[in-house]
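Written out below as structure tokens is the structure these notes cover.
The values are calculated or read from the model by the stated rules, or taken from the named source; none is laboratory data. Owing to the predicted nature of the structure, the values given are computational and were not obtained by experimental measurement. Because the Cβ atoms are built from the backbone with ideal geometry, glycine has one as well, and the counts that use them run over all protein chains shown.
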Amino acid sequence: MRDSVLRHSDDELADAIRHAYAAYAAPASSTLGRRRLLRFGPIAAAPLAIGVVAAAVFVAGTVFAPPSAFGTWTATPSSPNPALVASVRDGCLPPPGPDWTTEDRANAADLATLPLVILDQRGRGAVALFAERRADGQASLMCLSAADDDGQVRAGGGGSSTGARETPAIGPLRLFTAQRNGSEWGTYTAYAGSVEPGVTQVTVERNSGSGVIASVANGYFLAWWPGDAYATSIIAYGAGGVALAEIGNNGWDFLDEDPDPSPGFITPEPSATSGE
Amino acid sequence: MEAMDRTLGAGMESAAPTPAEAKLTADQESFSAFYAGAREPLYRTLLVTTRSPELAEDAVHEAFARAFADWERVSAHPNPTAWLARVAMNQATSWWRRRRRECPDPPDRPARADDRPVDAELVRVVWELPTRQRQVVALRILLDQSTDETGRLLGIAPGTVTAHLHRALGTLRSRLLEAGIEELTNA
């Protein structure tokens with residue numbers, strides 16, 4: 001009798017999960033909908049509250065959106081746009097809002113202290129990486145930004161973490177964040193990690209079939225691309241183009257919080273590191 | 001005055017809609033039907049993936065707003081629900097919104113007539129799964145997406161989706177046993 005739960009099939013367990021969560025219903029009239037409905041005036045019929053929000057999104061998207069940060073993307077990074085370097089920090093850190101808690105403000109203040117280590121420029125868009133190794137792990141802040149034709153910088157979404165887990169060092173290569181973030185230009189995916197001196201280039205192979213050359217600077221690497229392709233392999237190269245290390249994604253999920261022990265780690269061949 | 005109202009009303013009833021009006025009406029009806037069917041599963045999916053009722057509500061609202069704004073294209077998508085899920089999940093993971101903290105505990109579960117003893121524990125155990133496992137459970141089970149579609153939505157291989165689901169269900173079984181729950185369906 002004690003094993004009866006174990007005997008239940010996956011389908012029965014799935015049905016039970018659906019049943020358990022069926023009690024949660026979407027709020028009938030959201031705060032967002034009410035607020036915008038009042039702002040734009042009353043309109044009849046149930047789905048029209050959605051329509052009002054849609055209109056707001058559409059207008060914002062067509063009138064105020066700058067040229068896409070994605071359309072000019074390149075697989076090889078270019079020199080950072082000085083305008084972005086100068087202002088990306090302000091663009092990436094949102095100004096405190098009235099609903100921010102004390103903890104929100106403290107977290108933002110903490111993130112504001114991180115140094116800019118890479119600005120990975122690809123066409124008009126660039127992803128900035130602010131990072132610092134701390135006693136409790138790697139702290140980082142990443143965000144996408146782009147400058148419009150007038151030089152005005154717009155930040156388009158990113159993510160941050162403190163005390164982040166890192167992959168074990170594979171030779172001179174570690175990965176500490178893999179993110180897929182929303183932005184006003186669409187989804188982008190980014191991978192960042194640290195490298196030891198001697199690494200001159202890092203490449204990222206993707207499930208989409210094409211590779212990306214990462215930016216390498218200040219002991220870190222970063223690569224990003226529009227869309228949601230994921231990395232299948234990250235390879236570090238040294239002088240003369242010698243492969244020093246590879247982190248393979250052999251079925252392992254970079255984004256998993258608690259991955260199974262390292263099925264994807266590929267230690268470098270002795271000949272690759274020794275140069276034999 | 002009544003006569004005038006009746007005359008106006010009669011005149012409006014007899015006027016045939018223009019093609020544009022007819023299309024708008026058809027689009028609204030089509031969207032309304034989709035909205036009615038997809039809203040609740042999508043909300044529950046976002047609730048589980050974000051662990052925040054507020055984030056889930058905002059993300060679902062925004063996703064439907066975008067779907068409405070581009071309904072002609074979205075309705076022609078082979079899987080509009082997956083499209084919506086992608087938009088909602090992107091919304092929920094943007095830096096600006098993610099700073100709001102996840103709720104460590106699930107919100108109070110409204111009582112229902114067909115409640116089972118296992119329901120509350122199941123909700124809690126799913127809530128406490130690692131992020132990726134929650135995403136997979138939400139997309140595969142609550143939103144009824146295929147393994148391939150779930151993989152596409154999360155940017156992981158189908159085999160990885162299967163592995164996450166297997167681990168999640170294994171954790172659920174273990175946790176239910178630890179809680180002394182032996183049957184899923186008895187009242």
Note to self: Condition (residue is at pLDDT 75 or above, farther than 23 Å from A:Ala75 by Cα and outside any loop (DSSP other than H, G, I, E, B)) applied to region A:176-184: is it met by at least one residue?
What the structure shows: no
Notebook entry, point to check: Looking at this structure, is A:Asp99 farther than 30 Å from B:Val125 by Cβ, modelled with pLDDT under 75, within 13 Å of chain B (Cβ to nearest Cβ) and surrounded by fewer than 11 Cβ atoms within 10 Å (Cβ to Cβ)?
Noted result: yes
Checklist line | Among residues of region B:139-165, those that are more than 9 Å from every other protein chain (Cβ to nearest Cβ), small (Gly, Ala, Ser) and crowded, with 18+ Cβ neighbours inside 10 Å, counted | finding: 1
Check: Would you pick out the residues in region B:90-123 that are surrounded by fewer than 18 Cβ atoms within 10 Å (Cβ to Cβ), at pLDDT below 60 and facing chain A (nearest Cβ under 7 Å)?
Finding: B:Trp96
Margin query: Being within 15 Å of B:Phe31 (Cα to Cα), of a type in the set (Lys, Arg) and within 9 Å of chain A (Cβ to nearest Cβ) is the filter here; which residues of region B:42-79 pass it?
Written below: B:Arg66
